[in-house]
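Below: one structure, written as structure tokens.
The values are calculated or read from the model by the stated rules, or taken from the named source; none is laboratory data. Nothing here was measured: the structure is a model prediction, and the numbers come from that model. We place every Cβ from the backbone using ideal geometry, glycine too, and count neighbours over all the protein chains shown.
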Amino acid sequence: MGLAPLWRQRDKPVIAAQVPAETAPSPAAAPAGDARALRIAAMGWDELKTAVAECRDCRLCEQRKQAVLGVGDIEADWLFVGEGPGAEEDEKGEPFVGQAGRLLDAMLAAIDLQRGKKVYIGNAVKCRPPGNRTPEAEETAACFPYLQRQIELIRPKLIVALGKPAAETLLDAEVKVGASRGRLFDYRGIPLIVTYHPAYLLRNLTDKAKAWEDLCFARRTLQGLNDVAR
């Protein structure tokens, strides 16, 4: 049985508990007077690409082959944020191109989305952590201004945090993915939904059905936003 039919088989309503929107500064964000953060906050896409490619502000730069800014529509409605590049991403310079990326593409297709069409895909950190380990706090802190600027430039209608590190970076809080599913969070006025990272789903096949429910919730949320905007 193909992957997309498996996702679609489980397209059923999800009763989602919405939580009040809260806007809080991330601990990774630099103080207002920080020259680096202010410089990044003023960058356009070309400057941002160059800055990320040349960044030496944390030790992740020491073993990378290349930094991975992100890929997709720079005026996207949907922003998917993962943890960080893996080995294949480090080689090719694009996020989610390995096995987890193929699963993400199938997940997108199941809700009639496609990489690059109203969709942007990025990561909490732009360089591959050695051994694909979880990024450390200082590494996430160094990279957060880049992600923050990407979000400001894209202005997505909805953010989907793929996994615990991405969710914690964006929400400035400890996150348990299982407990956060089905809830609507807020990142600086943008609705945010938490679901499992595709790499986790490859190791935990039984949770694919839960991720499908999350995608259905995300699709309904964005549709509701579009309906209100009409």
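Here are the criteria: (1) within 25 Å of residue 221 (Cβ to Cβ); (2) of a type in the set (A, V, I, L, M, F, W, C); (3) buried (at least 23 other Cβ atoms within 10 Å of the Cβ); (4) at pLDDT below 95. Tell me which single one residue 142 does not satisfy.
Of everything listed in (1) within 25 Å of residue 221 (Cβ to Cβ); (2) of a type in the set (A, V, I, L, M, F, W, C); (3) buried (at least 23 other Cβ atoms within 10 Å of the Cβ); (4) at pLDDT below 95, residue 142 misses just condition (1).
Listed residues 175, 160; which is in contact with a helix residue (DSSP H, G or I) (Cβ under 9 Å, 6 or more places away or on another chain), of a type in the set (A, V, I, L, M) and either modelled with pLDDT under 95 or in a loop (DSSP other than H, G, I, E, B) (or both)? Steps first, please.
Numbers: 160 fails: either modelled with pLDDT under 95 or in a loop (DSSP other than H, G, I, E, B) (or both).
From the options 175, 160, the qualifying one is 175.
Looking only at residues in segment 146-157 that are touching an Asp or Glu at 6+ places or on another chain (Cβ under 8 Å) and either assigned to a strand (DSSP E or B) or not hydrophobic (A, V, I, L, M, F, W, C) (or both), which one is farthest from residue 107 (Cα to Cα)?
Checked segment 146-157; the qualifying residue farthest from residue 107 (Cα to Cα) is 155.
Does residue 36 satisfy the condition of being under 16 Å from residue 140 (Cβ atoms), exposed (fewer than 14 other Cβ atoms within 10 Å of the Cβ) and at pLDDT 90 or above? It would help to see each step written out before you state the result.
Values: under 16 Å from residue 140 (Cβ atoms): yes; exposed (fewer than 14 other Cβ atoms within 10 Å of the Cβ): yes; at pLDDT 90 or above: yes.
In short, yes.
Scanning for something β-branched (Val, Ile, Thr), at pLDDT below 95, closer than 30 Å to residue 107 by Cα and surrounded by fewer than 15 Cβ atoms within 10 Å (Cβ to Cβ), does segment 66-84 turn up at least one residue?
no
So which of 87, 76, 100 is more than 20 Å from residue 167 (Cα to Cα) and among the small types (Gly, Ala, Ser)? Please lay out each step first, then the result.
Working: 76 fails: more than 20 Å from residue 167 (Cα to Cα); 100 fails: more than 20 Å from residue 167 (Cα to Cα).
Testing whether each residue is more than 20 Å from residue 167 (Cα to Cα) and among the small types (Gly, Ala, Ser) leaves just 87.
Quick one: is residue 65 more than 28 Å from residue 191 (Cα to Cα), touching a residue at least 24 places away in the same chain (Cβ under 8 Å) and part of a loop (DSSP other than H, G, I, E, B)?
Details: more than 28 Å from residue 191 (Cα to Cα): yes; touching a residue at least 24 places away in the same chain (Cβ under 8 Å): yes; part of a loop (DSSP other than H, G, I, E, B): yes.
Against the criterion (more than 28 Å from residue 191 (Cα to Cα), touching a residue at least 24 places away in the same chain (Cβ under 8 Å) and part of a loop (DSSP other than H, G, I, E, B)), residue 65 qualifies.
Among the numbered criteria (1) modelled with pLDDT of 95 or more; (2) closer than 21 Å to residue 37 by Cα, which single criterion is violated by residue 109?
Of the numbered conditions (1) modelled with pLDDT of 95 or more; (2) closer than 21 Å to residue 37 by Cα, the odd one out for residue 109 is (2).
Which one of the conditions (1) at negative phi; (2) surrounded by fewer than 19 Cβ atoms within 10 Å (Cβ to Cβ); (3) modelled with pLDDT under 95 does residue 132 fail to meet, given that it meets all the rest?
Unmet condition: (1).
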